Structure formats: structure tokens, C-alpha cells
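To keep things clear, I will list the structure first and then write my remarks on it.
The values are calculated or read from the model by the stated rules, or taken from the named source; none is laboratory data. Note that the structure is predicted; figures quoted are calculated from it, not measured. Every residue, glycine as well, gets a Cβ built from its backbone with ideal geometry; the counts of neighbours run over all protein chains shown.
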Amino acid sequence: MEGGCPLGPPSSEVRWPALRDCLDLLEAEGCAQGIIDHSIVVAQLALAIASACGADVDMVFAGALLHDIGRSRDGCLGHVIASADIIRERGLPEELALIAERHLGAGVGAEEAEGLGLPARDLRPVSLEEKIVSHSDNLVYYDEILGLDAFCERMTEKGLAGQCEKARAIHAELSELCGFDIEQIFAVIDQGPQTTERRVVE
């Protein structure tokens, strides 16, 4: 992968956008710096999880960097649809559009999506890569990795305890694939937007 990020050899024949490509796209779409910083931290966490559980690391890294690109057009729940639209408009792989489209909370079904004012289709993460990005996003608050309990607390306060249960199920699934509780990864991540930005320069 380009951009100086040590991800190892590509895990498929698809040419996923590199770190610099993704950051350029976020800036070109007019994303606020806070969104970019958040996406970088989500990408760092998602990359670590993907590496540990055998997912496509290049797809996950690009998908995580671009998952919130639609916030440049829609600052509410509709940003997941806007993100997918932008990714498709840019001619990027459909897998990245689906990662963006299916990252809302721990996933919402078609009926729930319609009730939220979104298209009436299933927006739950399906592939391993979708689940990793969705869950990593849930574990990051702004640009800080806080973990599952903090996510559940936020959801419960909003009356969305069901999201907590879904997130716990995904957390258990990913932890089983990795062979350890993925929250152990937090301690070894050199987290922060500056870390990834340095890799672009280096």
C-alpha cells in the first residue's frame, strides 16, 4: 500500500485507495478537521483489529478513513448514505461504499432505518471488514478510543440499549476471531491523528 503506512502486502487484487488518497478525498469533500481526526483514529484501531483477525487490512484501512466522508454533506444520520454516495461517485470499490453505508451504530435493519428517515433497506454490517469498521467507530469517541462500555453508556443514555447488545455481539465475534479481547489492542496502539499524518510524510 502506498503512503508510507506499513500494512504489508495487499490482501487482494483490488487497488484500495492509499492513506494519502483518502486524506486528499476527505479534504476535497470539505470535511472538517475534527471528522478527519476521528476517521484517522478509527482507521488505526480498525487496522489493528483487521491485522489480528485475518481481515483484508487494506480494505479496512481505506474504508475506515472514508466512513464519515458524507458528513461534509449531512451532519446527521443520513451521513452514512451520503458517505456511500460519495464513494460511488468517486468510482471507488463498492466494498468501501458498503462499509460506509453500514456503519451506523452497531447496525440498523430496514424497518428501523425507515423509522430514522433513512432508505428502507438493511444497513447492518455483513462482511468481516464492515463489522470491524463499524465496531471501531463505536469504540472511538471523537478522536479518543474509549471502548465498549463507554459506547454502551452513551447508547443507554439515548434510550438505545439495543445498540449496546448488538455491539457486544460484534465485539464477542471479533474477539473470538482474534483469539483475545480486542480491547487489549488499545494499549499497544500509538493512537492519535498526528501518528498517521507522520506516516504520510515519512
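The table that follows gives values for the structure above.
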| quantity | calculated |
| --- | --- |
| Every residue from the range 141-163 that is touching a residue at least 24 places away in the same chain (Cβ under 8 Å) and either under 22 Å from D37 (Cα atoms) or under 17 Å from the mean Cα position of the chain (by Cα) (or both) | Y142, D143, E144, I145, G147, L148, Q163 |
| Enumerated helices (runs of 4 or more DSSP H) restricted to the range 101-202, each holding at least 1 residues that are over 26 Å from C76 (Cβ atoms), of a type in the set (S, T, Y) and at pLDDT 95 or above | 161-178 |
| Any chance S12 is at pLDDT 95 or above, surrounded by fewer than 24 Cβ atoms within 10 Å (Cβ to Cβ), over 15 Å from P125 (Cβ atoms) and hydroxyl-bearing (S, T, Y) | no |
| Hits in the range 83-98 (condition: in a helix (DSSP H, G or I) and either crowded, with 22+ Cβ neighbours inside 10 Å or in contact (Cβ under 8 Å) with a residue 40 or more places away in the chain (or both)) | S83, A84, I86, I87, E95, L96 |
| Every residue from the range 73-82 that is part of a helix (DSSP H, G or I) and either touching a strand residue (DSSP E or B) at 6+ places or on another chain (Cβ under 7 Å) or more than 13 Å from H38 (Cβ to Cβ) (or both) | V80, I81, A82 |
| G107 vs. criteria more than 21 Å from G179 (Cβ to Cβ), in contact with a Phe, Trp or Tyr (Cβ under 9 Å, 6 or more places away or on another chain) and either basic (K, R) or crowded, with 18+ Cβ neighbours inside 10 Å (or both) | no |
| Residue match in the range 56-74 (condition: of a type in the set (S, T, Y) and touching a residue at least 24 places away in the same chain (Cβ under 8 Å)) | yes |
| Residue in the range 65-75 that is out of contact with any Asp or Glu (no Cβ under 9 Å at 6 or more places or on another chain), of a type in the set (A, V, I, L, M, F, W, C), modelled with pLDDT under 95 and on the phi < 0 side of the Ramachandran plot present | no |
